[in-house]
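A short worksheet on the structure shown next.
The values are calculated or read from the model by the stated rules, or taken from the named source; none is laboratory data. Since this is a predicted model, take the numbers as computed values, not measurements. All Cβ positions, even for glycine, are placed from backbone atoms using ideal geometry, and neighbour counts span all protein chains on display.
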Protein chains: 2
Amino acid sequence: MTATPPLSLGHMRLDAVLDGLARGDTAALARAISLVENQRDGFERVLAALHRKIGKGSTHRIGITGPPGAGKSTLTEQLVRAYRERGLKVAVIAVDPTSPFTGGALLGDRIRMESVSLDPGVFIRSMATRGAQGGLATTTEEVADVLEAFGFDRILIETVGVGQTELDVAATAETTVLVLVPESGDGIQTLKAGVMEIAELFVINKSDRPGAEKLRQEIEVMLGIRKGNAFAHITPHHGAAKGGGGRRGEAAATANSWEHLVLTTVASKGEGISQLVAALDRHHDYLASSGKLEERRKRRLAARTRAVVNRAIRQWVWDETEAEDLVAQRLDDVAAGTRSPYDVAAEVLDKVRNGK
Amino acid sequence: MTATPPLSLGHMRLDAVLDGLARGDTAALARAISLVENQRDGFERVLAALHRKIGKGSTHRIGITGPPGAGKSTLTEQLVRAYRERGLKVAVIAVDPTSPFTGGALLGDRIRMESVSLDPGVFIRSMATRGAQGGLATTTEEVADVLEAFGFDRILIETVGVGQTELDVAATAETTVLVLVPESGDGIQTLKAGVMEIAELFVINKSDRPGAEKLRQEIEVMLGIRKGNAFAHITPHHGAAKGGGGRRGEAAATANSWEHLVLTTVASKGEGISQLVAALDRHHDYLASSGKLEERRKRRLAARTRAVVNRAIRQWVWDETEAEDLVAQRLDDVAAGTRSPYDVAAEVLDKVRNGK
């Protein structure tokens with residue numbers, strides 16, 4: 001075991017948070033998440049302590065992404081209800097849009113979800129996209145770790161927009177659902193290639209509007225799924241059964257390949273939700289029985305470890321070395337054109353390497 | 001003057017690129033951009049050498065952003081034509097969507113722009129969003145620096161999507177245009193707050209479709225622009241003339257405040273383009289005469305210097321210290337739960353601080 005970072009919060013308070021988490025105290029959960037989200041002193045200690053409790057495969061992290069107006073919030077709310085009916089504990093991380101200038105988040109859609117938020121088996125947390133570039137996916141994953149360690153069975157990670165940051169966030173989930181609406185048809189050709197590849201499940205929501213079937217066909221053509229009876233697509237295509245040994249029934253036992261699914265829903269009326277829940281379960285079973293769950297977990301942990309190293313190094317450079325002062329002193333020269341940002345970077349690096 | 005990083009490419013080749021740039025050689029330009037985009041050895045040397053040639057205020061960097069399908073490419077092409085008719089040299093940086101998994105870019109829309117790309121006064125470059133989180137805005141800005149140093153009068157930076165990364169890219173421009181279509185009305189309430197704040201000009205493209213006027217009103221309400229004659233919004237609101245001394249006529253000389261403009265275009269027919277060009281010029285003049293151009297430039301340079309320092313530190317840590325080996329050795333423990341990513345980060349930081 002290597003040394004963990006020193007604790008500025010004091011052992012008592014952090015230990016109280018950890019004890020509270022172990023007891024299932026919701027107040028401790030909210031406090032732990034705030035620590036992690038805001039990277040307060042000691043947050044890494046909390047995450048390090050929780051690390052051994054997670055990755056057991058019993059929690060399913062589900063990413064829900066798609067363009068604004070696709071009805072992701074309503075769909076998420078319906079999934080929460082469906083899981084609650086089965087007695088599962090559900091957490092929602094809603095990654096909300098934020099201004100890079102003001103730091104404020106638009107929380108409009110969240111209000112609707114308050115109806116389910118009074119249920120103690122449901123935990124809803126909105127996260128703002130901070131100015132810190134590239135950090136949001138890591139922070140989201142860390143908050144999900146806290147929720148998993150606390151014992152949630154399903155963690156729904158809902159993002160707004162289809163930009164690179166949102167994709168990075170969605171990619172932290174085990175199953176990613178892309179939610180579209182019939183009107184998305186016009187834009188489907190220009191959808192980010194990454195979005196199509198990242199999603200294992202496609203949902204055409206508001207499918208009682210015109211154009212749903214056309215969009216389904218377009219998606220299927222893009223994905224290279226053979227055409228046929230619309231309902232055929234609700235069942236995943238099974239490859240030849242090589243392995244077996246799945247945990248929860250035939251679909252999982254025989255699934256050695258996963259073919260993307262296109263489902264239709266009318267989330268506002270609850271239509272198509274049970275099929276979506278079933279498809280999500282099948283995808284998780286497929287991941288588990290094929291060994292891809294563990295493979296994916298290891299890949300994510302490797303990426304996370306690198307991200308955590310980068311963050312620790314960055315904090316050290318700006319908080320504990322002369323970098324900040326040096327950059328501040330050089331800015332006038334940079335603006336005047338007599339030094340470039342690259343000259344300044346070389347100077348900072350030189351000092352940091354020499355332990356200043 | 002501080003030391004610049006050592007040159008691995010050899011002085012001759014880098015000097016040849018710099019000489020070529022100084023002579024206005026387009027082949028040298030393409031090579032310099034490739035160096036910078038791919039962060040090949042010596043790219044920082046090229047950027048450092050060009051640094052003193054830029055920021056003179058004669059080049060206008062214009063960001064063009066908006067949802068997929070809004071017609072940004074067509075609008076960009078029309079702007080290129082309009083600037084060429086005035087004899088201005090125009091560069092386009094098209095920041096294209098990329099899969100985080102395959103690294104491939106969707107270049108469909110670019111093909112149309114080939115009609116203008118045969119003109120030697122036009123330079124078009126597509127940039128892919130790489131896996132490197134947070135780096136795209138910096139790289140885009142660096143490519144724009146090369147183009148500015150080469151002597152382009154207008155640099156159009158077109159992004160796809162309205163995610164955080166795209167916003168960061170758009171924010172590197174001096175003027176940001178948000179392109180919407182009448183159908184965007186449904187989603188306007190859920191548009192990222194950051195998008196509305198980042199844009200100085202709003203364009204409702206395809207405004208011959210139903211809903212354009214309604215969308216304009218919605219935007220104006222969101223922006224808090226008082227209602228009135230639609231054409232009134234084509235002229236920026238001028239605050240009380242305090243300063244004066246603008247460079248290009250009355251609008252610039254008297255503009256001490258800028259009120260967001262909402263313009264309508266039908267880019268495919270060239271409608272509204274001359275008004276957009278005029279509004280862009282007025283915004284640049286306003287920035288210059290109000291001192292905000294210099295203020296903004298300094299703020300960007302400070303942010304850039306920090307980003308360049310972070311990149312240099314990251315490269316040093318992963319390429320020249322034991323970090324990579326150490327992380328690789330620890331991954332099995334991390335997956336087994338016996339060490340956390342935070343333990344590994346603390347260990348790496350400890351080694352880096354001690355110069356290993």
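Quick rundown of the values:
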{"item": "Segment A:22-55: number of residues that are over 21 Å from residue B:344 (Cα atoms) and charged (D, E, K, R)", "result": "3"}
{"item": "Residue within segment A:323-334 that is over 22 Å from residue A:38 (Cβ atoms) and touching a residue at least 24 places away in the same chain (Cβ under 8 Å) present", "result": "yes"}
{"item": "Set A:210, A:236: member being of a type outside the set (S, T, N, Q), surrounded by fewer than 15 Cβ atoms within 10 Å (Cβ to Cβ) and either at pLDDT below 90 or out of contact with any strand residue (DSSP E or B) (no Cβ under 8 Å at 6 or more places or on another chain) (or both)", "result": "A:210"}
{"item": "Residues being basic (Lys, Arg), in a helix (DSSP H, G or I) and at pLDDT below 90 - total across segment B:1-47", "result": "1"}
{"item": "Matching residues, segment A:315-356, being more than 7 Å from chain B (Cβ to nearest Cβ) and among the acidic types (Asp, Glu)", "result": "A:319, A:320, A:322, A:324, A:325, A:332, A:333, A:350"}
{"item": "Qualifying residue in segment A:48-55 (condition: within 14 Å of chain B (Cβ to nearest Cβ), modelled with pLDDT of 90 or more and not in a helix (DSSP H, G or I))", "result": "yes"}
{"item": "Segment A:287-314, subset at the interface with another protein chain (Cβ under 9 Å from one of its Cβ atoms) and more than 22 Å from the chain's Cα centre (by Cα), residue surrounded by the fewest Cβ atoms within 10 Å (Cβ to Cβ)", "result": "A:314"}
{"item": "Filter pass, residue A:282 being assigned to a helix (DSSP H, G or I) and in contact (Cβ under 8 Å) with a residue 60 or more places away in the chain", "result": "no"}
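This table checks each residue for (1) modelled with pLDDT of 95 or more; (2) touching a helix residue (DSSP H, G or I) at 6+ places or on another chain (Cβ under 7 Å); (3) within 21 Å of residue A:75 (Cβ to Cβ).
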{"residue": "A:269", "(1), (2), (3)": "yes, no, yes"}
{"residue": "A:273", "(1), (2), (3)": "yes, yes, yes"}
{"residue": "A:281", "(1), (2), (3)": "yes, no, yes"}
{"residue": "A:294", "(1), (2), (3)": "no, no, no"}
